[in-house]
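Engineer: Here's a structure for you.
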Amino acid sequence: MSAPLLVIAAGGTGGHMFPAQALAEAMLARGWRVKLSTDARGARYTGGFPKAVEIEEVAAATFARGGLPAKALVPFKLTAGVLSAVFKMRRDRPAAVVGFGGYPSIPALAAARLLRLPRMIHEQNGVLGRVNQIFAKHVDAIACGTWPTALPEGVEAVHTGNPVRAAVLARAGAPYAPPGDYPMSILVIGGSQGARALSDTVPAAIAALPEEIRRHLRVSHQARDEDHDRVTDFYAGHGIRAEVQPFFTDIPARMAEAQLVISRAGASSLADITVIGRPAILIPYPHAAADHQTANARGLVEAEGAIMIPESALDAATLAEHIAAVLSDPQVAVQMAHGALAHGRPDATERLVEMVETLAGKEE
């Protein structure tokens, strides 16, 4: 008998592709065959997938982009994508189909429903994305990366967590050094779209801290290229030791060394923060679809692992007050680190694997 086949369907963003890649790697290690169903845009983001994963491009489209002519073609492109997926699945029947969101996951999930194949979805954020909303009542199981996740009435889900990369797992639960009268680190991270507000506010907030805190600080600050020089110059002009880069390749190491993380509330960032276990100040990106970053942050705040500041309430004085509250009270900082760690799911990939293998044993 040939190895069982898993079809993974995902859109072309890191938020969708990273957990899809983690599941693909784990299922290959268990002897499964894996195919990734995505569109031409998504195929450009597949460089990190193992070579053993077969990439299948399908026709997909969304009403959210393009002008009227493009929108008029959407139903035809989707129909073509679904029919193509049905043909491929009839020829090589999957044991399970898993969707990770994004409109390129529509053809595979729709085909799986038509063929009555075992199917599930994984939602990374605290609010279901549009495609996952469509399929929530038409799948056998739902895995949630963030908890709690807003779900349609009558729909149940399993909190698996969001898979994290190996470099993060290597530092899972790393011992936390509480703030004190010695060198301390702050890590500042934000998505490429949302980093501007952090670059506008965080340096001024750190400069406004009491001298007895500020003199011990080292800052690692992710800033967009266009903000790099002004952020670097501000830190230098205020005597603050800071390294400013558009992207740090060693985020897990810097996070493990940090006494405090200041971040947007993207699902992947929160997964890293909670698996390593660090106090955080979260500033959700207000323009995220359905305000899902606020939903993402809510569970960690309730676990007393983070402080959330809406961007509408963000200014240097407010942020400085919260930073000082954490860094001037080691007991509070340690409690937040423990709260974050307790909220983490370092075994998220294993939980997903168990769901897939259970699902594969079911037939409608």
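The values are calculated or read from the model by the stated rules, or taken from the named source; none is laboratory data. Because the structure is a prediction, the values reported are computed rather than measured. Neighbour counts run over all protein chains shown; Cβ positions are idealised from the backbone, glycine included. With ligands, DNA and RNA removed, areas are computed over all heavy atoms of the protein, side chains included. Shrake-Rupley method; radii C 1.70, N 1.55, O 1.52, S 1.80 Å.
Engineer: Residue under question is THR232, and the condition is that it be assigned to a loop (DSSP other than H, G, I, E, B), free of Cβ contacts under 8 Å to residues at least 24 places away in the same chain and either more than 24 Å from HIS287 (Cα to Cα) or in contact with a strand residue (DSSP E or B) (Cβ under 6 Å, 6 or more places away or on another chain) (or both); does it hold?
Structural biologist: Spelling it out, it is not the case that THR232 is assigned to a loop (DSSP other than H, G, I, E, B), free of Cβ contacts under 8 Å to residues at least 24 places away in the same chain and either more than 24 Å from HIS287 (Cα to Cα) or in contact with a strand residue (DSSP E or B) (Cβ under 6 Å, 6 or more places away or on another chain) (or both).
Engineer: Something else: Please work out which one of (1) out of contact with any Asp or Glu (no Cβ under 8 Å at 6 or more places or on another chain); (2) under 26 Å from LEU341 (Cβ atoms); (3) open to solvent by less than 10 Å² (accessible area, probe 1.4 Å); (4) in a helix (DSSP H, G or I) is the condition PRO203 fails and give its number.
Structural biologist: (2)
Engineer: State which residue pairs qualify: first residue of a type outside the set (Val, Ile, Thr) and assigned to a strand (DSSP E or B) and inside the range 178-194, second residue open to solvent by 10 Å² or more (accessible area, probe 1.4 Å) and at pLDDT below 95 in any location, beta carbons under 8 Å apart, and separation of 6 or more residues or different chains.
Structural biologist: Filtered contacts from the range 178-194: LEU187/ILE251.
Engineer: Can you tell me how many residues in the range 146-183 are over 16 Å from PRO252 (Cα atoms) and not polar (S, T, N, Q)?
Structural biologist: Summing the residues that are over 16 Å from PRO252 (Cα atoms) and not polar (S, T, N, Q) in the range 146-183 gives 19.
Engineer: Which is in contact with a strand residue (DSSP E or B) (Cβ under 6 Å, 6 or more places away or on another chain) and aliphatic (A, V, I, L, M), of LEU109, LEU115?
Structural biologist: LEU109
Engineer: Then there's this: In the range 1-16, what residues are open to solvent by 10 Å² or more (accessible area, probe 1.4 Å) and in contact (Cβ under 8 Å) with a residue 40 or more places away in the chain?
Structural biologist: Correct list: PRO4, THR13, GLY14, GLY15, HIS16.
Engineer: How do the helices (runs of 4 or more DSSP H) wholly within the range 84-172 filter down when requiring 1 or more residues that are modelled with pLDDT under 95, small (Gly, Ala, Ser) and over 20 Å from LEU6 (Cβ atoms): which remain?
Structural biologist: Filter on the range 84-172 gives 166-169.
Engineer: On to the next question. So which residues in the range 29-51 are of a type in the set (A, V, I, L, M), surrounded by 18 or more Cβ atoms within 10 Å (Cβ to Cβ) and under 14 Å from PRO4 (Cβ atoms)?
Structural biologist: Correct list: VAL34 only.
Engineer: Applying the selection to the range 299-354, what residues are open to solvent by less than 40 Å² (accessible area, probe 1.4 Å), of a type outside the set (A, V, I, L, M, F, W, C) and farther than 17 Å from SER263 by Cβ?
Structural biologist: THR349 - this is the single residue of the range 299-354 that is open to solvent by less than 40 Å² (accessible area, probe 1.4 Å), of a type outside the set (A, V, I, L, M, F, W, C) and farther than 17 Å from SER263 by Cβ.
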